[in-house]
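Peer 1: Let me begin by handing over the structure; questions about it come next.
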Amino acid sequence: MRKDIGIAFSGGGIKTLCQPALISYLEDHKIRPVALSGTSAGAMIAALMAMGLSSEAIFEEIKGALVEIEQRKILRISGRELLFNKKVKHGFIDGHRMGTLVQEICDRLGFHHLSEVKIPLALTAVDLYTGTLVVFVSHPHLYYNTHRRTEVISDISLAQAITASMSFPMVFGSVEFEDYALIDGGVRMNTPVPMLKDYGAKKTLAITMRGPIDSDIPLNKSLEVISRVYDLLSREAEYRHSSKADYVFNVPVIVDNIFDLQAADKIYNQGLDQIEKEKADLEAFFKRNWWQSMKELL
């Protein structure tokens, strides 16, 4: 199998729980990517893989985080908070709620600084003030930035980089880092394929979760409306960047909204089903040719 692959994990809230299914496929076929990138919830998946966790462990970590989100009421917004909490900037929910949870996960797993991950990693966020794409890079000596309006940062904690990439606009407040007000990287690049090429990956695969828009889904709650608006805005931008990948593995996940915390196992199984449908194409993509095999032996 090839050893020059980079994997880009798209953002998509709860829909990203289909992504560990592909990681399981990589494990079964002994495929170790040379670089990983991720945005928003995909940043969490990519980071856990870069730490060296198995697909099963990643899935369990995310399911455990979902339980904590529910128990701590992280996504709940009270009228009192809306009226009196003036400390939250650029959103309804204090981003420190999610940041604390992410920090606890990283601390428990023993990863503190971004540079400590085992596989070269790039996570994206956006500066709300300037629109600059901020790329958090774990291995800067291997990374060659080729993009305008982009800042590369490597001296940051892993938890803060993940939290910044996951700061869903208008929902969570921005993450303050140096002079930046950082929000979800999906605002500019929901599928960070270009970052893989900047790491030198010869072949790239993007994992996306775009399905048809379900017009029957109710849009009565604030999070449902915000989720739909963000989905509509990000579709075209995601296509523009995911189309740069050599292979796009798309799982057409449909959920009521991307904050639906009850659909974890169903979504994971959709990932497994899609792998079965694309089994022959995936095997062809990951297969080494004769010349590649010779170069690895030399």
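Peer 1: For residue 142 and residue 28, calculate 0.36 nm times their separation in residues minus their Cα-Cα distance, and state this gained length in nm to one decimal.
Peer 2: Difference between extended and current length: 38.3 nm.
Peer 1: What's the ranking of 263-270, 120-127 by average number of surrounding C-beta atoms within 10 Å, highest first?
Peer 2: Numbers: 263-270: 17.1, 120-127: 28.9.
So the order, starting with the most tightly packed, is 120-127, 263-270.
Peer 1: Tell me, what is the 1.4 Å probe accessible area of residue 100, in Å² to the nearest 10?
Peer 2: Its heavy atoms expose roughly 70 Å² to the probe.
Peer 1: So, by mean Cβ neighbours within 10 angstrom, what's the order for 160-166, 204-210 with the highest one leading? Walk me through the numbers on the way to the answer.
Peer 2: Details: 160-166: 28.6, 204-210: 26.0.
The most tightly packed comes first, giving 160-166, 204-210.
Peer 1: Now for a separate question. Between residue 70 and residue 285, what's the calculated FRET efficiency when r is the beta-carbon distance and R0 is 30 Å? Round to 0.05.
Peer 2: Working: r = 37 Å, r/R0 = 1.25.
Using R0 = 30 Å, I get an efficiency of 0.20.
The values are calculated or read from the model by the stated rules, or taken from the named source; none is laboratory data. Just so it is clear, the structure is predicted and the values come from calculations on it, not from any experiment. For neighbour counting, all protein chains shown are included, and Cβ atoms are generated from backbone atoms with ideal geometry for every residue, glycine included. Only protein heavy atoms, including side chains, enter the accessible area calculation; ligands, DNA and RNA are left aside. Shrake-Rupley method; radii C 1.70, N 1.55, O 1.52, S 1.80 Å.
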